[in-house]
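**Student:** Structure incoming, see below.
No value in this document is a laboratory result; all are computed from the given coordinates. Keep in mind it's a predicted model, so treat the numbers as computed, not measured. Counting neighbours? That spans all protein chains shown, and the Cβs are built from the backbone with ideal geometry, glycine included.
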Amino acid sequence: MQLKNSSLLRQQAYVNGAWVGADSGGTHPVTNPATGEQIGVIPNLGAAETRRAIEAANAAWPAWRKKTAKERSAILRKWSDLMLANAEDLALLMTTEQGKPLAESRGEVAYAASFFEWFAEEAKRIAGDTLASPWPDKRLIVTKEPVGVCAAITPWNFPLAMITRKAAPALAAGCPIVLKPAEATPFSALALAVLAEQAGVPPGVFSVVTGSPREIGAEMTSNPIVRKLSFTGSTGVGRLLMEQCAPTIKKLSLELGGNAPFIVFDDADLDAAVEGAIASKYRNSGQTCVCANRIYVQDGVYDAFAEKFVAAVGKLKVGNGADAGVTQGPLIDDKAVQKVEEHVADALAKGGRLLMGGKRHALGHGFFEPTVIADVTPAMRVAGEETFGPLAPLFRFQTDDEAIALANSTEFGLAAYFYSRDVGRIWRVAEGLESGMVGVNTGLISNEIAPFGGVKQSGLGREGSKYGLDEYLEIKYICLAGI
Ligand code: ADP
């Protein structure tokens, strides 16, 4: 990996504005999932360093919240500009540790930077209210205040965007934040810290602690200084963290698992539906929480859709994400590959029909063949669990009500997609789906302006958008008497 700005690769954590090496806990290796080669190491820190970062955040908080919104905004804007100025390096770093194709990494750098830009703008629009008073001599005023020290735990599938989507609104609102990035992708997070320093983020306002998830997580969730935890990751870990936050009643934002349905009705533009399904299913090799996990196709167009879809999947190119033309990188690790293998084996054992792929790719490591299985039924594991890999299961349905019922038959409710050209059906289905986000005639919905988040066991709260700032603000009511 040849970075133009080699100072972006840091093998130290970043606490209270200083770079921190390994303590007695030693280091943790980080490897390239496409080659198995070691990229570098990160300090394996634990509770003590996390506590230090939290205390530093608390010490930095009064000065940070006292800054004017315009001052905080200028720093965030600079952070965004620095990301874009270093976009090529950040993209290469991301592809090297995460595996996604360079084109996707470039897209993510821009997406991640857009949260700093957006919340730099929104910071200036935090506003309160004056309410009609029921008393002649009292005035009722509502102000918004930062919630205080925040903690964030982020996953490896979007090594930059999942961080900026939390750090940007936190800092905009006047909150400092302590981050634990995923073990597989810490270098993107640490590069962000290098740029934070350059942008003028004061020491303690943004710290990155690398190391033991359990120890760092336990400190973040039990320390009473932390007023809010924002987590993106699996539902299982989210549930655990929620439980750990209960004794100190922390505010929570949880962006958890999805099991997105993707419905193709018989009046759909099939070519557009195929294009959307490819984008939604195979982006990041199927490793996003909004990836189509269950593709429901209406009986009348089932065979035609399957044929066009398989032809499109056949054009995907598997390989090292750093190589030109590659559209499918490796999965993050062997555990991820095993899960896809299990879902494929289960579906085939229960009567699924393999249309394409189905096994590990000849390239080895985390590579898996883009896979399509037809005749999938609700009895198969892929119907109820998120595969998080390049497996597209095609289910068949007859009526609109059946499609909606099938789509909703999961404890998850993050994203849902459907294709139809009938305006009545579009409204009925969009309203009938139990999900936080709905894509109609599109497989790509995420941007900084729209609210991202789920219902049911897909999580709590919304990120991005004008609503995302509220998650980091408290409402204060002031009753002013003696007038
Ligand atoms: P995934 O399956 O996408 O890896 P996880 O929920 O396991 O999802 O991981 C998301 C983030 O949660 C990562 O940063 C990971 O290190 C962290 N994590 C995993 N287990 C724990 C835990 N017990 N406490 C705190 N953080 C954890």
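**Student:** Pop a pseudo-label 7 angstrom from the Cα along the beta-carbon direction at both Lys70 and Ile249 and give the gap in nm to one decimal.
**Tutor:** Roughly 3.8 nm, to one decimal.
**Student:** For region 392-435 and region 296-311, what is the separation of their Cα centres, given in Å?
**Tutor:** 16 Å
**Student:** Among 441-447, 154-160, 413-419, how do they line up by average Cβ neighbours within 10 Å per residue, starting with the highest?
**Tutor:** 413-419, 154-160, 441-447
**Student:** For the modelled label position 7 Å from the Cα of Ile225 along Cα-to-Cβ, which residues of region 23-63 have backbone nitrogen atoms closer than 17 Å?
**Tutor:** From region 23-63, the list is 46-63.
**Student:** Students often forget the sequence filter, so: which lysines lie under 16 Å Cα-Cα from Lys308 once same-chain residues fewer than 8 apart are removed?
**Tutor:** Lys281
**Student:** Sticking with this structure for a sec: If each residue of separation counts as 0.36 nm, what is the full-extension length gain between Glu307 and Lys476 once their alpha-carbon separation is subtracted?
**Tutor:** Gain in length upon complete extension: 55.0 nm.
**Student:** Right, next: So what J values fall out for region 162-175 if you push phi through Karplus, 6.51 cos²θ - 1.76 cosθ + 1.60 with θ = phi - 60°, rounded to Hz, Gly and Pro as x?
**Tutor:** So the Karplus estimates, Gly and Pro as x, are 5, 7, 5, 5, 9, 5, 5, x, 4, 5, 4, 6, x, 9 Hz.
**Student:** Could you rank the peptides 61-71, 210-220, 185-195, 134-144 by their average count of other C-beta atoms within 10 Å per residue, with the highest value first?
**Tutor:** With the highest mean Cβ count within 10 Å placed first, the list reads 185-195, 210-220, 61-71, 134-144.
**Student:** Quick one: of Lys78/Lys335; Lys100/Lys144; Lys4/Lys67; Lys315/Lys466; Lys228/Lys466, which pairs are farther than 30 Å apart, Cα to Cα?
**Tutor:** Flagged as over cut-off: Lys78/Lys335; Lys100/Lys144; Lys4/Lys67; Lys315/Lys466.
**Student:** Given the -39500 (n - 2.57) contribution per DSSP H run of 4+ residues, what per-residue ellipticity at 222 nm results for the chain, rounded to the nearest 500 deg cm²/dmol?
**Tutor:** It lands at -12000 deg cm²/dmol.
**Student:** State, as an integer percentage, the relative contact order of region 261-440 based on alpha-carbon contacts under 8 Å between residues 6 or more apart.
**Tutor:** Computed over region 261-440, the figure is 27 percent.
**Student:** A further question on this structure: State the three equivalent ellipsoid semi-axes of the chain, derived from the C-alpha gyration tensor as the square roots of 5 times its eigenvalues, in descending order and whole Å.
**Tutor:** Taking √(5λ) for each Cα gyration eigenvalue gives 38, 29, 19 Å.
**Student:** Here is a further query. Roughly what angle does helix 47-66 make with the longest principal axis of the chain, taking Cα atoms, 0 to 90 degrees, to the nearest 10?
**Tutor:** Orientation of helix 47-66: about 60 degrees from the principal axis.
**Student:** Which whole-angstrom value gives the distance between the alpha carbon centres of region 155-212 and region 1-25?
**Tutor:** 13 Å
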